[in-house]
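Please read the structure below before turning to the comments.
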Amino acid sequence: MLPPVDPKQNGQARREQSWFDFMVPAGIPRTIIHKVNRDAVAGCRTLQEGLAKHGAIIAVVAATQTRFDIIKNDTDRHSKLFVAAGIAAK
């Protein structure tokens, strides 16, 4: 059991944001991709319902191709910056 969390700090509502994605190699059948997506969204919805009982508000957004294109473009752009700066994953 998690300890109770005060949803407000200094009179302000707390807001945090994070996102998760699953990436697979090209050529994975769409049926598998759709199944993984459905299962991941269902798991997030279960988490959403559980945390709502404690006052948390969570938005679950299943990504569209447009969102993935944005992520891909950002990843490509940032990867080039990291390489140029000599930053490597460890």
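Selection of segment 41-80 for residues being surrounded by fewer than 10 Cβ atoms within 10 Å (Cβ to Cβ) and aliphatic (A, V, I, L, M) yields ALA59, VAL61.
Can you tell me which residue within segment 1-60, out of those that are among the small types (Gly, Ala, Ser) and at pLDDT 80 or above, is nearest to ILE71 (Cα to Cα)? The extreme case among them is ALA26. Does GLY55 qualify as being in contact with a Pro (Cβ under 6 Å, 6 or more places away or on another chain) and over 25 Å from THR75 (Cα atoms)? When the stated conditions are applied, GLY55 passes them.
The values are calculated or read from the model by the stated rules, or taken from the named source; none is laboratory data. Because the structure is a prediction, the values reported are computed rather than measured. Here Cβ is always computed from backbone atoms with ideal geometry, including for glycine, and neighbour counts include all displayed protein chains.
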